[in-house]
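Engineer: Take this structure first; my questions come after.
The values are calculated or read from the model by the stated rules, or taken from the named source; none is laboratory data. Model, not experiment: these values are computed from the prediction. Please note: Cβ atoms are built from the backbone with ideal geometry, for glycine as well, and neighbour counts cover all protein chains shown. Just the protein is used for accessible areas: all its heavy atoms, side chains included, with ligands, DNA and RNA removed. Shrake-Rupley method; radii C 1.70, N 1.55, O 1.52, S 1.80 Å.
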Amino acid sequence: MNTYILINGSWHGAWCWNKVIPLLEKQGHKVITPELPGHGEDNTPIKEVSLKSYTDCICEILDTLEDPIILVGHSMGGVIMSQVSEYRPEKIKLLIYISAFVLKNDEAILSFIRRDKESLLIHNINFSKDMSIMELKEGAIKKVFYHDCPDEDISRAKLLVVPQAVKPIKTRLNINNEKFELIPKIYVECLRDKAISITMQRKMHAEFNWEKVYSIDSSHSPFFSSPKELVSNLTR
């Protein structure tokens, strides 16, 4: 059996994995869902949130574990995983990207968001005056993230999403591309994603070598809309 660490994306918290956790545990796997700084129930001031604070959070958990683990990242969580793999490659058995940003050295998420012409995301974000915080526009959450998800999940998510610090989104990844290619990786595409379009997902993952690329006919949030199919892809 494996240990999975599940990393959420922007605006979200560990709560987004609530349907996935019991399905993995039922198969005998151990599941860890860290609360990233400034997300969910973590009270870190948003001005202190950075890509480093995210990666420090994950590395601290890895340092407590003896055996290599499977690291899973959704959306922004992909970049967190990639940076963590630079710091703790010996701790990682497999990286699984779920409709996630998978970037090369010296690339940043924000530039990819701006270049994704098919995405609804950039048109549904409000930036603070000092450009340090991103918030979703009123009414945007369903059409951008959850258009195929149950109403009860959408209602709950609306209560739990938090403002997102911009600093991690504009920080350039600092990895050794050659070392990164040596780590086994799987990509899970979301075919009806309106946050990171399937065109952008494929443009990003075409730049890397993969053990497998799986596809789910879902929105950006298969952890709500297709949890059983998602878990099937996580455990193949």
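Engineer: Where in the range 57-137 are there strands (runs of 3 or more DSSP E), lying wholly inside it, with at least 2 residues that are open to solvent by less than 30 Å² (accessible area, probe 1.4 Å) and not aliphatic (A, V, I, L, M)?
Structural biologist: It comes to 69-74.
Engineer: Still on this structure: Suppose the filter is within 15 Å of the chain's Cα centre (by Cα) and in contact (Cβ under 8 Å) with a residue 12 or more places away in the chain; does LYS185 pass it? Walk me through it before giving the result.
Structural biologist: Values: within 15 Å of the chain's Cα centre (by Cα): yes; in contact (Cβ under 8 Å) with a residue 12 or more places away in the chain: yes.
Taking the combined requirement at face value, the residue satisfies it.
Engineer: Now for a separate question. Evaluate the following for SER155: is it polar (S, T, N, Q), out of contact with any strand residue (DSSP E or B) (no Cβ under 9 Å at 6 or more places or on another chain) and without any contact (Cβ under 8 Å) to a residue 24 or more places away in the chain? Don't jump to the end; show me each part of the working.
Structural biologist: Values: polar (S, T, N, Q): yes; out of contact with any strand residue (DSSP E or B) (no Cβ under 9 Å at 6 or more places or on another chain): yes; without any contact (Cβ under 8 Å) to a residue 24 or more places away in the chain: yes.
So SER155 fits the description; yes.
Engineer: Would you please name the residue that is surrounded by the fewest Cβ atoms within 10 Å (Cβ to Cβ), looking only at residues in the range 179-199 that are aliphatic (A, V, I, L, M) and within 16 Å of GLY77 (Cβ to Cβ)? Give the derivation first.
Structural biologist: First pass over the range 179-199, keeping only residues aliphatic (A, V, I, L, M): 182-183, 186, 188, 191, 195-196, 198.
Still in the running and within 16 Å of GLY77 (Cβ to Cβ): 183, 186, 188, 195-196.
Numbers: ILE183: 16, ILE186: 20, VAL188: 24, ALA195: 24, ILE196: 26.
The extreme case among them is ILE183.
Engineer: Condition test on ALA165, is it small (Gly, Ala, Ser), open to solvent by less than 10 Å² (accessible area, probe 1.4 Å), more than 27 Å from LYS104 (Cβ to Cβ) and in contact (Cβ under 8 Å) with a residue 12 or more places away in the chain? Steps first, answer last, please.
Structural biologist: Values: small (Gly, Ala, Ser): yes; open to solvent by less than 10 Å² (accessible area, probe 1.4 Å): yes; more than 27 Å from LYS104 (Cβ to Cβ): no; in contact (Cβ under 8 Å) with a residue 12 or more places away in the chain: yes.
Considered against the rule, which asks whether it is small (Gly, Ala, Ser), open to solvent by less than 10 Å² (accessible area, probe 1.4 Å), more than 27 Å from LYS104 (Cβ to Cβ) and in contact (Cβ under 8 Å) with a residue 12 or more places away in the chain, ALA165 comes out as no.
Engineer: Looking at the range 170-195, which of its residues are over 16 Å from HIS220 (Cβ atoms) and out of contact with any Asp or Glu (no Cβ under 9 Å at 6 or more places or on another chain)?
Structural biologist: Pass one, the range 170-195, residues over 16 Å from HIS220 (Cβ atoms): 170-186.
Residues satisfying the conditions are LYS170, THR171, ASN177, GLU178, GLU181, LEU182, ILE183.
Engineer: Filter the range 139-181 down to residues that are outside any helix (DSSP H, G or I) and at pLDDT below 95, then give me how many there are. Let's see the steps before the verdict.
Structural biologist: We begin by selecting, within the range 139-181, every residue outside any helix (DSSP H, G or I); these are 139, 146-150, 161-166, 171-176.
Applying the additional criterion that residues be at pLDDT below 95 yields 139.
Here the count works out to 1.
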